[in-house]
Structures are given as C-alpha cells and as structure tokens.
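For reference, the structure discussed in these notes is given below.
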Amino acid sequence: SDPSAGAGIRVNPANHFDAIGVTIQGFYDNIVVNDGWYYALTNCRFYDPIRYGTLMTASGNYADHGDQGFVNCVWSMVSRATNAEAAIRYEGGGGLRVSASKINGLQQPGDTTVGRWNYCIDVAMPDGLTTGCLQINGNSFGAAASYIMRIKPQGTTGKFGIGQITGNNFAVSSGGGIAFQGPSSTSDKVHDIVVDGNVFNDISNRGILLEN
C-alpha cells in the first residue's frame, strides 16, 4: 500500500550536503531537508511521491540562510496514477536556486494515466518567517492541476521577497501559471520578484495572478 508518512531521505541539518545522480521514488515525501545551508543536488530524480518530491523547512539561524541549489534535476510523476501535492515545497531557508531542471507528469511515453502535481513549486513561508532571494532560471515546468508555481505565505505574518523567475517554460496547467498571493489583511508579504522572458503555453486560466 502507499505510505502515509515518512521520507525516502531526510537530512537534518544539511550543511554542505551534496547529492549527485540520486533517484528517489514512491515515498510519502521523497526527500526532506529540515534546516541547512549551502547544500546542492545535481542530476537527481524525484519520482512518484505521495505528497512532496522535495520538502525544505528551516528555523532559527537557518530560516533566512539556505542558499541551496538544484541543477539539472527532474521531478516527475512517471507511474503513479494519483496526483501529488507539489514537486518542490519550500518553507524556509533563503536563497533557493533551481536551474536547468524539469518538472512534469500527466502523460508519459506509452502511459497516459499517470498523475500530476497540484503545484510544481509551492513557496509557503510559515508565520513569523521572513526570507527570499529566489532564483528560478532556465527550467521547464508543467503538468499542474492548480498553479505551476505559487508564492503564498501560510498565515498572515510570513514574508517572502526578492527574486527572479526568468527564462522558463511553463506549460500544461488546469489552474494557471504563476500565483503571487499575499494575505489580504497585510501588505508587502510577497514583494520584489522579477518575472521576465518566460514562455506560457497551454495554460487554462491566468498566466500570472497577483492577489492581495
């Protein structure tokens, strides 16, 4: 039966952690990082999670200091028929970089029954945590049931800002492309993020949503 909790790999803390050419498949969360800085994952594959392909959380001194990177990685629903919540769930540790990577699902060669992601990337800062410096450059993301990318604090006091989302391909989404959703009771909780030079294709709803 499908797992209802746990992680394929859990790293705590992930200071200077490197993973190269690792494939993780079929766990509740494929990889979980609780705290850490300067860690990097290169040429890795995260397949068929129940909930998250990659979950990053941070607290204390790590809350605004992650500076982690993912390069040439793949998050994909390759055989599981149900949807997962997010390929990347990012809840803290500033400075996330994702480049030259792929997120997809929904249809694979010879198999049109596989699931997809509710969100390809879900940036969700908890209350009381302020961070930013996001770099999402030169990727191909798609197969989302909701938005391909969402930046939305979990409550009313989390804050996320400063970053670039440039040169990506966003394709195949039933909900939309990118959603910036600050809590309506406050202002400036999602701020100073440049979106430039991206291609949006086969997006059923909004390409970009700005909501406060």
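The values are calculated or read from the model by the stated rules, or taken from the named source; none is laboratory data. Computed from a predicted structure; not experimentally measured. Methodologically, a virtual Cβ is constructed for each residue, glycine included, from the backbone with ideal geometry; neighbour enumeration extends over all protein chains shown. Calculation scope for accessible area: heavy atoms of the full protein, side chains included, ligands and nucleic acids excluded. Shrake-Rupley method; radii C 1.70, N 1.55, O 1.52, S 1.80 Å.
Couple of notes before you dig in:
- Inter-label distance, N15 to V194: 3.3 nm, where each label sits 7 Å from its Cα along the C-beta direction.
- Selection from I121, S1, M56, by position along the positive dipole direction of region 1-129 (Cβ): S1
- For the chain, the relative contact order is 13 percent, taking Cα pairs closer than 8 Å that sit 6 or more residues apart in sequence and dividing their mean separation by the residue count.
- Residue with peak Gaussian network fluctuation, the chain [Cα springs, cutoff 10 Å], from G132, G175, G66: G175
- Equivalent ellipsoid, the chain (semi-axes from 5 times Cα gyration tensor eigenvalues, Å): 24, 21, 16
- Coupling constants for region 17-26 follow from the phi torsions by the Karplus curve (6.51 cos²θ - 1.76 cosθ + 1.60, θ = phi - 60°), and in residue order they are 6, 10, 10, 10, x, 9, 10, 10, 9, x Hz; glycine and proline get x.
- Expressed to the nearest 5 percent, the antiparallel share of DSSP beta bridges inside region 81-147 is 10 percent.
- Dipole of region 1-69, positive end: most advanced residue of V22, V11, N34 [Cβ charges, Cα centre]: V22
- Counted over region 99-194, the DSSP beta bridges are approximately 5% antiparallel.
- Taking all protein chains together and a 1.4 Å probe, the residues F160, F17 rank F17, F160 from largest to smallest accessible area.
- Overall form of region 22-116 per C-alpha gyration tensor (a/c, 1.5; a/b vs b/c): prolate
- Rounded, prolate or oblate (a/c below 1.5 giving rounded, otherwise prolate when a/b exceeds b/c) for region 66-178 by Cα gyration tensor: prolate
- Ordered by 1.4 Å accessible area with all protein chains kept, L106, L209 run largest first as L106, L209.
- Linear extension gain, I162 paired with Y38, 0.36 nm per residue minus alpha-carbon span: 42.8 nm
- For region 31-98, the solvent-accessible area of protein heavy atoms averages 31 Å² per residue (probe radius 1.4 Å; ligands and nucleic acids excluded).
- Integer Hz, Karplus 6.51/-1.76/1.60 couplings in order for region 102-118, x for Gly and Pro: 10, 10, 7, x, 6, 8, 10, x, x, 8, 9, 10, 6, x, 9, 9, 5
- Rg/Rh for region 73-139, where both radii come from Cα atoms and Rh is the Kirkwood radius: 1.06
- Here r is the Cβ-Cβ distance between T113 and R206 and R0 is 25 Å; the resulting FRET efficiency, rounded to 0.05, is 0.35.
- Based on Cα contacts under 8 Å between residues 6+ apart, region 95-176 shows a relative contact order of 35 percent.
- Dipole magnitude for region 3-134: computed about the Cα centre from +1 point charges on Lys and Arg Cβ and -1 point charges on Asp and Glu Cβ, it is near 360 debye.
- Ordering F160, V71, G110 by the projection of their Cα atoms onto the charge dipole of the chain, which places +1 on the Cβ of Lys and Arg and -1 on the Cβ of Asp and Glu, puts G110 at the extreme positive end.
- For region 1-60: rounded, prolate or oblate by the Cα gyration tensor [a/c cutoff 1.5]: oblate
- The modelled label-to-label distance between T23 and N61, using points 7 Å beyond Cα along the C-beta direction, is 3.9 nm.
- Within-14-Å neighbourhood charge of C73 [Cβ basis; K, R +1; D, E -1]: +2
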